[in-house]
Amino acid sequence: MGCCSSRNDDDSLRQEGADGNPIPRGGNRPLIKKGITWTADSPITIYNLKRQRDAFWDTAPSYEGRLEIWQALRCSCESEDLTLSQAIIDSANITIPTGNLSDGCYDELGNRYVIPIYCIVDPTNLITDNNYDEGTSQRVENLDTKLLAEQEIVGPGHTFTIRLSTSTRDVKINYNPKLDTIATLKVKLCTDQNIDIKRFNIRFFFLGRMFDDRTKLHDISLEDGQILQTFISEKI
């Protein structure tokens, strides 16, 4: 995951760029995307790559840095027009010492932002046929909430405490540990909070781990007092 930190002028703490050379402390070079390559640990679909990118952009501003800078960086990375990407960087007064955002860039206050390479360019082993993943997502969206309400109760009920990225209050959702998955938890949360599941992406995190729709809830070992983080963002 990328990061944000304050600028440090100590030469002993200078970072190395993608080419192995020290990143200069000053200067500003034009944004580059062409010529940057990476390969995922295993072939990845467009759908899963988008989920990975969304997870980073949704969580990065929660740690450090200025929200408006993170938003500008996201818009710049997601634009396929290099001229527009550069214009966004310039308008936000962001400087890039090497031209490569994965080496780090700075805002006017000297805060350093590092963007993971998977948010900048596609991997060399990208799978363009993502019918399986899209089909899985569509099935989640079309889950029948009435059927969920009529599930046979097996064993004692349990409750998750969920913290929403869109609200300051926590929400408690009942679930069946032997039947429910992350997919059904999404539907229950949307029903409880009147969220349109077709309009919003919903991702659940715990201790830095993001869960996919097939994860069974009894496999998430939450202890009393611990909270399941939920990030909600509108679909593009």
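The values are calculated or read from the model by the stated rules, or taken from the named source; none is laboratory data. As the structure is a computational prediction, the values presented were derived from the model and not from experiment. We place every Cβ from the backbone using ideal geometry, glycine too, and count neighbours over all the protein chains shown.
Return the residue satisfying two criteria in turn: it lies in the range 161-201 and is assigned to a strand (DSSP E or B) and in contact with a helix residue (DSSP H, G or I) (Cβ under 7 Å, 6 or more places away or on another chain), and of such residues it is farthest from PHE211 (Cα to Cα). Outline the logic, then answer.
Here is the first cut: in the range 161-201, the residues assigned to a strand (DSSP E or B) are 161-164, 170-175, 181, 200-201.
Retained after the next criterion (residues that are in contact with a helix residue (DSSP H, G or I) (Cβ under 7 Å, 6 or more places away or on another chain)): 162, 171, 173, 175, 181, 201.
Working: ILE162: 14, VAL171: 18, ILE173: 17, TYR175: 16, THR181: 10, ASN201: 13 Å.
Result: VAL171.
Show the residue pairs that are 6+ apart or on different chains and have beta-carbon atoms under 8 Å apart, the first residue being within the range 60-86 and in the same structural domain as TYR118 (by TED's automatic domain parsing) and under 15 Å from ILE117 (Cα atoms), the second being assigned to a loop (DSSP other than H, G, I, E, B) and at pLDDT below 90.
ALA60/MET1; ALA60/GLY2
Restricting the first residue to the range 220-232 and requiring it to be farther than 13 Å from MET210 by Cβ, which pairs with a second residue that is among the polar types (S, T, N, Q) meet a Cβ separation below 6 Å and a spacing of at least six or different chains?
Cβ pairs passing all conditions: ILE227/THR161; ILE232/SER165; ILE232/THR166.
Name every residue in the range 48-71 that is over 10 Å from the mean Cα position of the chain (by Cα), part of a helix (DSSP H, G or I) and hydroxyl-bearing (Ser, Thr, Tyr), in order of residue number.
Within the range 48-71, just SER62 meets the criteria.
Please work out which residue is modelled with the highest pLDDT, limiting yourself to the range 56-89 and to residues that are of a type in the set (A, V, I, L, M) and within 27 Å of PHE206 (Cβ to Cβ).
Step one: of the range 56-89, the residues of a type in the set (A, V, I, L, M) are 60, 67, 69, 72-73, 82, 84, 87-89.
From the residues that got through so far, the ones that are within 27 Å of PHE206 (Cβ to Cβ) too are 60, 67, 73.
Values: ALA60: 86, LEU67: 89, LEU73: 95.
Ranking the candidates gives LEU73 first.
Can you say whether GLY99 is part of a loop (DSSP other than H, G, I, E, B), in contact with a strand residue (DSSP E or B) (Cβ under 6 Å, 6 or more places away or on another chain) and surrounded by 15 or more Cβ atoms within 10 Å (Cβ to Cβ), as far as the supplied structure shows? First the steps, then the outcome.
Values: part of a loop (DSSP other than H, G, I, E, B): yes; in contact with a strand residue (DSSP E or B) (Cβ under 6 Å, 6 or more places away or on another chain): no; surrounded by 15 or more Cβ atoms within 10 Å (Cβ to Cβ): yes.
When the stated conditions are applied, GLY99 does not pass them.
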